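Single-structure report; data block below.
No lab work stands behind these numbers, since they all come straight from the coordinates. Model, not experiment: these values are computed from the prediction. Here the Cβ is made from the backbone with ideal geometry for all residues, glycine too, and neighbour counts use every protein chain on show.
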Amino acid sequence: MVTGGYKQSVSEMQGVIFRMGVFEEAKGTVKEKVGEVTDNPDLQREGQAQKDKGQAEREATEARAEAKAHEGKAKAHEVEQEAAESAK
């Protein structure tokens, strides 16, 4: 992906999305607590929804990173297998 005049790697983008998820969770927690203190159920619900969104973003990014790691391992095994087959 090209942003700001340079190409951003997938891992950089995942890091940004992960941090955004963590930030959304934190903002949601703050809103939720402020809603509790001020007895504002709308703000509590908004905070909970924002917290849930952030958690989902963070978990999705973690799952993509884990899948990417498994792809790397599979590729390494494939290369190893091809080397073994060509050595016959």
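Lysines near Lys27 by alpha-carbon distance under 19 Å, same-chain residues fewer than 8 away left out - which ones?
Lys51, Lys53
From the phi angles alone, apply the Karplus equation (6.51, -1.76, 1.60; θ = phi - 60°) to the range 81-86 and give each ³J(HN,Hα) in whole Hz, x where the residue is Gly or Pro.
Result, ordered by residue: 5, 4, 5, 5, 5, 6 Hz.
Determine ³J(HN,Hα), in whole Hz, for all residues of the range 36-46 in sequence, where each value follows from phi through the Karplus function 6.51 cos²θ - 1.76 cosθ + 1.60 and θ = phi - 60°; x replaces Gly and Pro.
For the range 36-46, the Karplus curve yields 5, 5, 8, 6, 10, x, 5, 5, 4, 5, 4 Hz.
What do you get for Rg/Rh of the range 11-72 when both radii come from the Cα atoms and Rh is the Kirkwood radius?
Here the Rg-to-Rh quotient is 1.18.
With every atom except the alpha carbons ignored, what do you get for Rg and Dmax of the range 40-88, in angstroms?
Expressed in Å, the Cα Rg and Dmax of the range 40-88 come to 21.3, 73.
Which order results if Arg64, Arg58 are arranged by neighbouring Cβ count within 10 Å, fewest first?
Ranked by crowding around the Cβ, least crowded first: Arg64, Arg58.
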